[in-house]
1. Is it fair to say P207 is under 24 Å from the mean Cα position of the chain (by Cα), exposed (fewer than 15 other Cβ atoms within 10 Å of the Cβ) and either within 30 Å of D323 (Cβ to Cβ) or without any contact (Cβ under 8 Å) to a residue 40 or more places away in the chain (or both)?
2. For region 101-120, give me each residue that is open to solvent by less than 40 Å² (accessible area, probe 1.4 Å), touching a helix residue (DSSP H, G or I) at 6+ places or on another chain (Cβ under 6 Å) and not aliphatic (A, V, I, L, M).
3. Does A189 satisfy the condition of being touching a Ser or Thr at 6+ places or on another chain (Cβ under 7 Å), open to solvent by 40 Å² or more (accessible area, probe 1.4 Å) and among the aliphatic types (A, V, I, L, M)?
4. Would you mind telling me which numbered condition in (1) within 23 Å of T275 (Cα to Cα); (2) within 22 Å of the chain's Cα centre (by Cα); (3) without any contact (Cβ under 8 Å) to a residue 60 or more places away in the chain T169 fails?
5. Can you tell me which residue within region 396-428, out of those that are at pLDDT below 70 and of a type in the set (K, R), is nearest to S150 (Cα to Cα)?
6. What do you reckon, is M351 in contact with a Lys or Arg (Cβ under 9 Å, 6 or more places away or on another chain) and crowded, with 16+ Cβ neighbours inside 10 Å?
7. Report yes if some residue within region 229-236 is out of contact with any strand residue (DSSP E or B) (no Cβ under 8 Å at 6 or more places or on another chain) and outside any helix (DSSP H, G or I); otherwise report no.
8. Taking the conditions exactly as written (out of contact with any helix residue (DSSP H, G or I) (no Cβ under 7 Å at 6 or more places or on another chain), open to solvent by less than 50 Å² (accessible area, probe 1.4 Å), within 21 Å of Q263 (Cβ to Cβ) and of a type in the set (A, V, I, L, M, F, W, C)), does A222 satisfy them or not?
Amino acid sequence: MNLRSTTARILIAEDDHENREAMVRVLEGAGFKTVDTNNGEQALDRILKRNIDIVISDLRLPGMDGIELLKRAKTASPEIEVILVTGYGTVETAIEALKDGAYDFITKPLKKVQLLRCVERAAEKQHLARENHALKSQLQGHTRRVIHASSEMRNIVRMVEQVGASSATVLITGESGTGKEVIADAIQATSPRRDRPLIKISCAALPDTLLESELFGYEKGAFTGANVRKQGRFELANGGTLFLDEIGEITPAIQVKLLRVLQDGKFERLGGTRTIDTDVRIITATNKDLQQEIANHRFREDLFYRLNVINIHLPPLRDRKDDIPLLAMYFLKVYAEKNHKNIEGFSEDAMRALISYDWPGNVRELENAIERAVVFSNTKLVQLSVLPQGLPAFAESRHSLTFKIGMPWHELERQAIAIALAHTRGNKPMAARLLGVATRTIYRHLNRDTEVRETRGNLVEFKDRETVAEPVTAVKRKSASTGA
(Lines give C-alpha, C1' and ligand atoms only; values in the text may rest on other atoms or scores of the structure.)
Protein backbone atom coordinates (compact mmCIF):
# COMPACT_ATOMS: atom_id res chain seq x y z
CA MET A 1 0.00 0.00 0.00
CA ASN A 2 1.29 3.48 -0.86
CA LEU A 3 0.85 5.21 2.48
CA ARG A 4 1.95 8.56 1.11
CA SER A 5 -1.28 8.73 -0.87
CA THR A 6 -3.27 8.09 2.31
CA THR A 7 -6.20 10.30 3.24
CA ALA A 8 -5.08 10.46 6.90
CA ARG A 9 -5.84 13.88 8.43
CA ILE A 10 -3.02 15.22 10.62
CA LEU A 11 -3.20 17.93 13.28
CA ILE A 12 0.09 19.66 14.10
CA ALA A 13 0.29 21.43 17.49
CA GLU A 14 3.57 23.33 17.71
CA ASP A 15 4.23 26.79 19.17
CA ASP A 16 7.44 27.26 17.18
CA HIS A 17 6.31 28.84 13.91
CA GLU A 18 9.27 27.65 11.83
CA ASN A 19 9.02 24.05 13.04
CA ARG A 20 5.26 24.04 12.48
CA GLU A 21 5.56 25.37 8.93
CA ALA A 22 8.36 22.92 8.15
CA MET A 23 6.23 19.94 9.25
CA VAL A 24 3.27 21.19 7.20
CA ARG A 25 5.46 21.44 4.07
CA VAL A 26 6.99 17.99 4.53
CA LEU A 27 3.70 16.19 5.27
CA GLU A 28 1.60 17.92 2.62
CA GLY A 29 4.40 17.31 0.13
CA ALA A 30 4.08 13.61 0.96
CA GLY A 31 0.33 13.62 0.27
CA PHE A 32 -1.10 14.04 3.77
CA LYS A 33 -3.79 16.55 4.73
CA THR A 34 -2.85 18.82 7.63
CA VAL A 35 -4.27 21.46 9.94
CA ASP A 36 -2.09 23.30 12.45
CA THR A 37 -2.24 25.36 15.61
CA ASN A 38 0.17 26.87 18.16
CA ASN A 39 -1.51 25.85 21.45
CA GLY A 40 -3.06 22.84 23.16
CA GLU A 41 -6.53 24.27 23.81
CA GLN A 42 -7.09 25.07 20.16
CA ALA A 43 -5.69 21.67 19.19
CA LEU A 44 -8.22 19.89 21.44
CA ASP A 45 -11.04 22.04 20.04
CA ARG A 46 -10.11 20.97 16.51
CA ILE A 47 -9.92 17.31 17.56
CA LEU A 48 -13.44 17.56 18.96
CA LYS A 49 -14.85 19.36 15.91
CA ARG A 50 -12.94 17.68 13.06
CA ASN A 51 -12.23 14.14 11.99
CA ILE A 52 -8.54 13.96 12.95
CA ASP A 53 -6.55 10.74 12.54
CA ILE A 54 -3.07 11.65 13.79
CA VAL A 55 -1.88 14.38 16.17
CA ILE A 56 1.72 15.63 16.17
CA SER A 57 2.19 17.70 19.31
CA ASP A 58 5.13 19.42 20.95
CA LEU A 59 5.55 18.15 24.48
CA ARG A 60 5.75 21.71 25.80
CA LEU A 61 2.93 23.93 24.66
CA PRO A 62 1.56 27.11 26.21
CA GLY A 63 -1.48 26.43 28.38
CA MET A 64 -2.32 22.73 27.88
CA ASP A 65 0.92 20.77 27.39
CA GLY A 66 1.38 17.77 25.10
CA ILE A 67 0.79 15.18 27.87
CA GLU A 68 -2.56 16.68 28.82
CA LEU A 69 -3.50 17.00 25.14
CA LEU A 70 -2.60 13.31 24.65
CA LYS A 71 -4.84 12.19 27.51
CA ARG A 72 -7.81 14.32 26.48
CA ALA A 73 -7.45 13.44 22.80
CA LYS A 74 -7.47 9.72 23.64
CA THR A 75 -10.52 10.21 25.84
CA ALA A 76 -12.36 12.03 23.06
CA SER A 77 -11.23 9.67 20.27
CA PRO A 78 -9.53 6.44 21.45
CA GLU A 79 -8.53 5.43 17.91
CA ILE A 80 -6.53 8.64 17.33
CA GLU A 81 -2.73 8.28 17.18
CA VAL A 82 -0.58 10.88 18.99
CA ILE A 83 3.07 11.52 18.17
CA LEU A 84 4.97 13.75 20.61
CA VAL A 85 7.83 16.03 19.62
CA THR A 86 10.41 16.55 22.35
CA GLY A 87 13.75 18.18 23.06
CA TYR A 88 16.70 16.29 24.44
CA GLY A 89 15.94 17.19 28.06
CA THR A 90 12.38 15.81 27.98
CA VAL A 91 12.96 12.38 26.45
CA GLU A 92 12.22 10.59 29.74
CA THR A 93 8.88 12.39 29.97
CA ALA A 94 8.07 11.38 26.40
CA ILE A 95 8.86 7.74 27.17
CA GLU A 96 6.46 7.88 30.11
CA ALA A 97 3.84 9.31 27.73
CA LEU A 98 3.98 6.08 25.71
CA LYS A 99 2.38 4.38 28.71
CA ASP A 100 -0.49 6.87 28.45
CA GLY A 101 -1.21 5.86 24.87
CA ALA A 102 1.16 7.93 22.73
CA TYR A 103 2.04 6.15 19.50
CA ASP A 104 5.66 7.37 19.39
CA PHE A 105 7.88 10.38 19.95
CA ILE A 106 10.46 12.13 17.80
CA THR A 107 13.26 14.37 19.00
CA LYS A 108 14.38 17.81 17.93
CA PRO A 109 15.95 18.90 15.69
CA LEU A 110 13.39 17.29 13.37
CA LYS A 111 14.54 15.29 10.38
CA LYS A 112 12.36 14.83 7.32
CA VAL A 113 12.97 11.08 7.00
CA GLN A 114 12.33 10.49 10.71
CA LEU A 115 9.10 12.51 10.63
CA LEU A 116 7.72 10.78 7.54
CA ARG A 117 8.63 7.30 8.74
CA CYS A 118 6.90 7.84 12.09
CA VAL A 119 3.75 9.32 10.53
CA GLU A 120 3.54 6.62 7.88
CA ARG A 121 3.79 3.87 10.51
CA ALA A 122 1.01 5.52 12.53
CA ALA A 123 -1.13 5.83 9.38
CA GLU A 124 -0.48 2.18 8.51
CA LYS A 125 -1.51 1.09 12.01
CA GLN A 126 -4.77 3.01 11.68
CA HIS A 127 -5.42 1.65 8.18
CA LEU A 128 -4.92 -1.95 9.29
CA ALA A 129 -7.07 -1.46 12.40
CA ARG A 130 -9.92 -0.01 10.34
CA GLU A 131 -9.60 -2.67 7.67
CA ASN A 132 -9.73 -5.39 10.31
CA HIS A 133 -12.76 -3.77 11.93
CA ALA A 134 -14.51 -3.57 8.56
CA LEU A 135 -13.79 -7.23 7.82
CA LYS A 136 -15.06 -8.29 11.24
CA SER A 137 -18.21 -6.23 10.75
CA GLN A 138 -18.74 -7.75 7.32
CA LEU A 139 -18.19 -11.25 8.68
CA GLN A 140 -20.49 -10.59 11.59
CA GLY A 141 -23.15 -9.32 9.23
CA HIS A 142 -22.94 -12.49 7.16
CA THR A 143 -22.92 -14.85 10.10
CA ARG A 144 -25.89 -13.15 11.70
CA ARG A 145 -27.97 -13.18 8.55
CA VAL A 146 -30.55 -15.91 8.93
CA ILE A 147 -32.84 -15.29 5.97
CA HIS A 148 -36.35 -16.04 7.09
CA ALA A 149 -40.01 -15.05 7.01
CA SER A 150 -41.69 -18.07 8.60
CA SER A 151 -42.90 -18.14 12.19
CA GLU A 152 -40.87 -21.32 12.74
CA MET A 153 -37.59 -19.61 11.88
CA ARG A 154 -38.51 -16.45 13.77
CA ASN A 155 -38.79 -18.55 16.92
CA ILE A 156 -35.40 -20.13 16.18
CA VAL A 157 -33.76 -16.72 15.65
CA ARG A 158 -35.13 -15.56 19.00
CA MET A 159 -33.72 -18.70 20.61
CA VAL A 160 -30.32 -18.11 18.96
CA GLU A 161 -30.19 -14.59 20.42
CA GLN A 162 -30.83 -15.96 23.90
CA VAL A 163 -28.53 -18.97 23.59
CA GLY A 164 -25.69 -16.95 22.07
CA ALA A 165 -25.20 -14.92 25.23
CA SER A 166 -24.71 -18.09 27.32
CA SER A 167 -21.86 -20.58 27.49
CA ALA A 168 -24.10 -23.66 27.23
CA THR A 169 -23.37 -26.45 24.75
CA VAL A 170 -25.80 -26.52 21.84
CA LEU A 171 -27.00 -29.44 19.72
CA ILE A 172 -28.46 -28.38 16.37
CA THR A 173 -30.60 -31.04 14.72
CA GLY A 174 -32.37 -31.25 11.39
CA GLU A 175 -32.24 -32.79 7.95
CA SER A 176 -29.21 -32.28 5.71
CA GLY A 177 -29.16 -28.89 4.07
CA THR A 178 -31.47 -27.09 6.51
CA GLY A 179 -28.82 -24.58 7.54
CA LYS A 180 -27.32 -26.00 10.74
CA GLU A 181 -23.92 -24.41 10.10
CA VAL A 182 -25.59 -21.04 9.49
CA ILE A 183 -27.22 -21.30 12.93
CA ALA A 184 -23.86 -22.20 14.48
CA ASP A 185 -22.37 -19.08 12.88
CA ALA A 186 -25.24 -16.98 14.22
CA ILE A 187 -24.75 -18.33 17.75
CA GLN A 188 -21.06 -17.47 17.59
CA ALA A 189 -21.81 -13.97 16.26
CA THR A 190 -24.04 -13.20 19.27
CA SER A 191 -21.70 -14.86 21.78
CA PRO A 192 -19.25 -13.18 24.20
CA ARG A 193 -16.68 -15.32 22.35
CA ARG A 194 -17.44 -13.63 19.02
CA ASP A 195 -13.90 -12.22 18.77
CA ARG A 196 -12.32 -15.60 19.50
CA PRO A 197 -11.86 -18.46 17.00
CA LEU A 198 -14.76 -20.48 15.63
CA ILE A 199 -13.16 -23.75 14.57
CA LYS A 200 -15.23 -26.15 12.45
CA ILE A 201 -14.75 -29.82 11.66
CA SER A 202 -16.94 -32.37 9.90
CA CYS A 203 -16.82 -35.60 11.86
CA ALA A 204 -18.19 -37.55 8.89
CA ALA A 205 -15.43 -36.40 6.55
CA LEU A 206 -12.55 -38.08 8.39
CA PRO A 207 -11.77 -41.69 9.35
CA ASP A 208 -11.64 -42.52 13.06
CA THR A 209 -7.85 -42.34 13.55
CA LEU A 210 -7.49 -39.12 11.59
CA LEU A 211 -10.43 -37.51 13.40
CA GLU A 212 -8.81 -38.23 16.77
CA SER A 213 -5.56 -36.56 15.75
CA GLU A 214 -7.44 -33.60 14.26
CA LEU A 215 -9.45 -33.05 17.43
CA PHE A 216 -6.74 -33.62 20.04
CA GLY A 217 -3.49 -33.12 18.12
CA TYR A 218 -0.43 -35.35 18.33
CA GLU A 219 3.15 -35.39 19.53
CA LYS A 220 6.17 -35.85 17.33
CA GLY A 221 6.67 -39.57 16.69
CA ALA A 222 3.16 -40.52 17.78
CA PHE A 223 2.76 -42.48 14.55
CA THR A 224 4.48 -42.95 11.21
CA GLY A 225 4.66 -39.61 9.48
CA ALA A 226 4.20 -37.54 12.67
CA ASN A 227 7.43 -35.61 12.16
CA VAL A 228 6.41 -32.56 14.19
CA ARG A 229 4.04 -31.82 17.04
CA LYS A 230 0.60 -30.66 15.86
CA GLN A 231 -2.06 -28.82 17.83
CA GLY A 232 -5.58 -30.22 17.63
CA ARG A 233 -8.83 -28.34 17.12
CA PHE A 234 -9.46 -28.15 20.87
CA GLU A 235 -6.21 -26.24 21.32
CA LEU A 236 -6.81 -24.01 18.31
CA ALA A 237 -10.30 -23.15 19.56
CA ASN A 238 -9.14 -22.39 23.13
CA GLY A 239 -11.13 -19.42 24.40
CA GLY A 240 -13.49 -19.70 21.46
CA THR A 241 -15.97 -22.16 19.99
CA LEU A 242 -15.62 -25.59 18.38
CA PHE A 243 -18.34 -26.64 15.92
CA LEU A 244 -18.54 -30.42 15.43
CA ASP A 245 -20.73 -31.18 12.44
CA GLU A 246 -22.23 -34.65 11.96
CA ILE A 247 -21.54 -35.55 15.59
CA GLY A 248 -23.67 -38.70 15.20
CA GLU A 249 -20.91 -40.26 13.07
CA ILE A 250 -18.19 -40.44 15.74
CA THR A 251 -17.12 -43.84 17.07
CA PRO A 252 -17.43 -45.01 20.70
CA ALA A 253 -13.68 -44.46 21.26
CA ILE A 254 -13.90 -40.81 20.21
CA GLN A 255 -17.10 -40.41 22.22
CA VAL A 256 -15.25 -41.36 25.42
CA LYS A 257 -12.51 -38.78 24.84
CA LEU A 258 -15.02 -36.09 23.90
CA LEU A 259 -17.04 -36.79 27.04
CA ARG A 260 -13.93 -36.24 29.18
CA VAL A 261 -13.25 -32.86 27.58
CA LEU A 262 -16.84 -31.81 28.17
CA GLN A 263 -16.71 -32.93 31.81
CA ASP A 264 -13.23 -31.77 32.84
CA GLY A 265 -11.95 -29.50 30.08
CA LYS A 266 -8.84 -31.70 29.81
CA PHE A 267 -7.26 -33.96 27.18
CA GLU A 268 -3.91 -35.33 25.98
CA ARG A 269 -2.45 -35.16 22.51
CA LEU A 270 -2.12 -38.44 20.63
CA GLY A 271 1.12 -40.05 21.78
CA GLY A 272 1.51 -37.56 24.64
CA THR A 273 1.34 -37.76 28.43
CA ARG A 274 0.94 -34.08 29.38
CA THR A 275 -2.63 -33.13 30.24
CA ILE A 276 -3.80 -29.97 28.47
CA ASP A 277 -6.53 -27.67 29.78
CA THR A 278 -8.91 -26.05 27.31
CA ASP A 279 -11.73 -23.53 27.54
CA VAL A 280 -13.96 -24.22 24.55
CA ARG A 281 -17.65 -23.82 23.90
CA ILE A 282 -19.03 -26.81 22.01
CA ILE A 283 -21.70 -26.54 19.32
CA THR A 284 -22.62 -29.78 17.56
CA ALA A 285 -24.94 -30.69 14.71
CA THR A 286 -26.43 -33.86 13.32
CA ASN A 287 -29.09 -35.10 10.92
CA LYS A 288 -29.46 -38.32 12.92
CA ASP A 289 -31.91 -39.16 15.69
CA LEU A 290 -29.40 -39.51 18.52
CA GLN A 291 -31.94 -40.98 20.91
CA GLN A 292 -32.54 -43.77 18.40
CA GLU A 293 -28.76 -44.15 18.11
CA ILE A 294 -28.64 -44.52 21.90
CA ALA A 295 -31.34 -47.21 21.75
CA ASN A 296 -29.24 -49.01 19.12
CA HIS A 297 -26.13 -48.74 21.34
CA ARG A 298 -24.27 -46.60 18.84
CA PHE A 299 -24.17 -43.36 20.86
CA ARG A 300 -23.40 -42.84 24.54
CA GLU A 301 -26.34 -41.60 26.58
CA ASP A 302 -24.13 -39.62 28.99
CA LEU A 303 -22.47 -37.83 26.07
CA PHE A 304 -25.87 -37.04 24.56
CA TYR A 305 -26.98 -35.26 27.73
CA ARG A 306 -23.73 -33.27 27.82
CA LEU A 307 -24.22 -32.15 24.23
CA ASN A 308 -27.97 -31.59 24.40
CA VAL A 309 -28.08 -28.85 27.04
CA ILE A 310 -29.75 -26.66 24.43
CA ASN A 311 -31.41 -28.25 21.41
CA ILE A 312 -32.26 -26.21 18.33
CA HIS A 313 -34.20 -28.21 15.76
CA LEU A 314 -34.38 -26.82 12.22
CA PRO A 315 -37.54 -27.76 10.33
CA PRO A 316 -37.18 -28.88 6.70
CA LEU A 317 -37.79 -26.27 4.02
CA ARG A 318 -41.04 -27.98 2.96
CA ASP A 319 -42.47 -27.08 6.38
CA ARG A 320 -41.47 -23.41 6.17
CA LYS A 321 -42.36 -22.41 2.65
CA ASP A 322 -42.70 -18.76 3.67
CA ASP A 323 -38.89 -18.67 3.65
CA ILE A 324 -38.57 -19.79 0.03
CA PRO A 325 -39.22 -16.43 -1.74
CA LEU A 326 -36.70 -14.61 0.47
CA LEU A 327 -34.07 -17.32 0.23
CA ALA A 328 -34.54 -17.52 -3.54
CA MET A 329 -34.12 -13.75 -3.94
CA TYR A 330 -31.06 -13.79 -1.69
CA PHE A 331 -29.33 -16.57 -3.63
CA LEU A 332 -30.34 -14.91 -6.89
CA LYS A 333 -28.55 -11.71 -5.90
CA VAL A 334 -25.46 -13.59 -4.72
CA TYR A 335 -25.06 -15.66 -7.90
CA ALA A 336 -26.13 -12.91 -10.29
CA GLU A 337 -23.33 -10.74 -8.92
CA LYS A 338 -20.88 -13.63 -8.97
CA ASN A 339 -21.69 -14.37 -12.63
CA HIS A 340 -21.93 -10.69 -13.66
CA LYS A 341 -25.55 -10.97 -14.75
CA ASN A 342 -28.37 -8.44 -14.50
CA ILE A 343 -31.25 -10.58 -13.21
CA GLU A 344 -33.92 -8.82 -11.20
CA GLY A 345 -36.23 -11.57 -9.99
CA PHE A 346 -38.42 -14.53 -10.91
CA SER A 347 -41.38 -14.93 -13.21
CA GLU A 348 -44.62 -15.79 -11.43
CA ASP A 349 -44.58 -19.36 -12.75
CA ALA A 350 -40.98 -19.83 -11.63
CA MET A 351 -41.63 -18.50 -8.13
CA ARG A 352 -44.76 -20.62 -7.73
CA ALA A 353 -42.80 -23.69 -8.79
CA LEU A 354 -40.11 -22.94 -6.21
CA ILE A 355 -42.71 -22.52 -3.46
CA SER A 356 -44.65 -25.67 -4.33
CA TYR A 357 -41.67 -28.01 -4.59
CA ASP A 358 -40.89 -30.01 -1.44
CA TRP A 359 -37.07 -29.55 -1.58
CA PRO A 360 -35.85 -32.88 -0.13
CA GLY A 361 -32.34 -31.38 -0.11
CA ASN A 362 -33.67 -28.31 1.72
CA VAL A 363 -31.90 -24.93 1.52
CA ARG A 364 -28.77 -26.45 -0.03
CA GLU A 365 -30.82 -27.88 -2.91
CA LEU A 366 -32.61 -24.55 -3.36
CA GLU A 367 -29.29 -22.72 -3.50
CA ASN A 368 -27.95 -25.13 -6.13
CA ALA A 369 -31.14 -24.73 -8.19
CA ILE A 370 -30.86 -20.92 -8.12
CA GLU A 371 -27.17 -21.01 -9.06
CA ARG A 372 -28.00 -23.24 -12.03
CA ALA A 373 -30.89 -20.98 -13.05
CA VAL A 374 -28.62 -17.93 -13.01
CA VAL A 375 -26.11 -19.65 -15.29
CA PHE A 376 -28.78 -20.48 -17.90
CA SER A 377 -30.85 -17.28 -17.62
CA ASN A 378 -30.67 -14.71 -20.41
CA THR A 379 -33.57 -12.54 -19.27
CA LYS A 380 -34.17 -10.14 -16.42
CA LEU A 381 -36.55 -12.59 -14.78
CA VAL A 382 -35.71 -16.22 -14.08
CA GLN A 383 -38.14 -18.34 -16.11
CA LEU A 384 -39.60 -21.73 -15.22
CA SER A 385 -37.75 -23.26 -18.18
CA VAL A 386 -34.30 -22.76 -16.56
CA LEU A 387 -35.25 -24.36 -13.25
CA PRO A 388 -34.48 -28.05 -12.64
CA GLN A 389 -36.85 -30.40 -14.44
CA GLY A 390 -38.11 -31.95 -11.22
CA LEU A 391 -39.87 -28.74 -10.21
CA PRO A 392 -43.60 -28.69 -10.98
CA ALA A 393 -45.08 -26.59 -13.77
CA PHE A 394 -48.53 -25.09 -13.37
CA ALA A 395 -51.59 -24.75 -15.55
CA GLU A 396 -53.63 -22.83 -12.93
CA SER A 397 -54.30 -19.13 -13.00
CA ARG A 398 -51.14 -17.04 -12.82
CA HIS A 399 -52.72 -15.08 -9.97
CA SER A 400 -53.65 -17.95 -7.62
CA LEU A 401 -51.99 -19.00 -4.38
CA THR A 402 -51.59 -22.66 -3.44
CA PHE A 403 -51.80 -23.52 0.25
CA LYS A 404 -52.49 -26.45 2.54
CA ILE A 405 -55.86 -26.88 4.25
CA GLY A 406 -55.41 -25.97 7.90
CA MET A 407 -52.88 -23.17 7.32
CA PRO A 408 -53.66 -20.36 9.84
CA TRP A 409 -55.27 -17.33 8.23
CA HIS A 410 -52.55 -14.91 9.34
CA GLU A 411 -49.90 -17.18 7.79
CA LEU A 412 -51.89 -17.25 4.55
CA GLU A 413 -51.96 -13.45 4.55
CA ARG A 414 -48.27 -13.29 5.29
CA GLN A 415 -47.42 -15.68 2.46
CA ALA A 416 -49.60 -13.77 -0.01
CA ILE A 417 -47.87 -10.50 0.84
CA ALA A 418 -44.39 -12.08 0.82
CA ILE A 419 -44.95 -13.59 -2.63
CA ALA A 420 -46.44 -10.38 -4.01
CA LEU A 421 -43.50 -8.33 -2.71
CA ALA A 422 -41.03 -10.86 -4.08
CA HIS A 423 -42.72 -10.78 -7.50
CA THR A 424 -42.69 -6.97 -7.57
CA ARG A 425 -39.21 -6.73 -6.07
CA GLY A 426 -40.42 -4.82 -3.03
CA ASN A 427 -42.77 -2.45 -4.89
CA LYS A 428 -45.68 -2.13 -2.45
CA PRO A 429 -48.15 -0.29 -4.72
CA MET A 430 -47.57 -2.91 -7.42
CA ALA A 431 -47.91 -5.71 -4.86
CA ALA A 432 -51.23 -4.20 -3.74
CA ARG A 433 -52.46 -4.18 -7.35
CA LEU A 434 -51.42 -7.82 -7.70
CA LEU A 435 -53.46 -8.73 -4.60
CA GLY A 436 -56.34 -6.44 -5.53
CA VAL A 437 -56.18 -4.36 -2.34
CA ALA A 438 -55.37 -0.75 -1.53
CA THR A 439 -51.71 0.13 -1.00
CA ARG A 440 -52.51 1.38 2.49
CA THR A 441 -53.75 -2.12 3.35
CA ILE A 442 -50.29 -3.52 2.55
CA TYR A 443 -48.59 -0.86 4.67
CA ARG A 444 -51.06 -1.21 7.52
CA HIS A 445 -50.71 -4.99 7.53
CA LEU A 446 -46.91 -4.80 7.52
CA ASN A 447 -46.77 -2.09 10.18
CA ARG A 448 -49.09 -3.96 12.53
CA ASP A 449 -47.94 -7.52 11.98
CA THR A 450 -44.34 -7.24 10.86
CA GLU A 451 -41.32 -5.11 10.57
CA VAL A 452 -40.06 -5.25 7.02
CA ARG A 453 -36.46 -4.50 6.19
CA GLU A 454 -35.55 -4.28 2.54
CA THR A 455 -31.96 -5.38 2.24
CA ARG A 456 -29.77 -4.89 -0.81
CA GLY A 457 -32.57 -4.22 -3.25
CA ASN A 458 -34.58 -7.41 -3.54
CA LEU A 459 -34.25 -9.16 -0.18
CA VAL A 460 -37.11 -8.64 2.25
CA GLU A 461 -36.85 -9.90 5.83
CA PHE A 462 -39.82 -10.16 8.19
CA LYS A 463 -39.55 -9.87 11.97
CA ASP A 464 -42.75 -10.57 13.88
CA ARG A 465 -44.06 -8.17 16.50
CA GLU A 466 -46.57 -10.73 17.69
CA THR A 467 -49.61 -8.56 16.97
CA VAL A 468 -52.80 -9.48 15.19
CA ALA A 469 -52.67 -8.96 11.45
CA GLU A 470 -55.32 -6.98 9.62
CA PRO A 471 -56.96 -9.31 7.10
CA VAL A 472 -55.97 -9.11 3.47
CA THR A 473 -59.28 -9.91 1.85
CA ALA A 474 -58.10 -10.86 -1.60
CA VAL A 475 -55.75 -13.82 -1.60
CA LYS A 476 -56.69 -15.27 -4.96
CA ARG A 477 -57.62 -12.60 -7.44
CA LYS A 478 -56.88 -11.68 -10.98
CA SER A 479 -55.17 -8.36 -11.51
CA ALA A 480 -53.50 -6.31 -14.14
CA SER A 481 -50.09 -7.53 -15.24
CA THR A 482 -47.24 -6.28 -13.07
CA GLY A 483 -44.71 -6.63 -15.86
CA ALA A 484 -43.13 -9.65 -14.13
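The values are calculated or read from the model by the stated rules, or taken from the named source; none is laboratory data. Everything numeric here is computed off the predicted structure, so don't read it as measured data. Every residue, glycine as well, gets a Cβ built from its backbone with ideal geometry; the counts of neighbours run over all protein chains shown. For accessibility, only protein heavy atoms count, side chains too; no ligands or nucleic acids. Shrake-Rupley method; radii C 1.70, N 1.55, O 1.52, S 1.80 Å.
1. No: the conditions fail for P207.
2. G101, D104, E120
3. no
4. (3)
5. Step by step, filter region 396-428, then rank; the result is K404.
6. No.
7. yes
8. no
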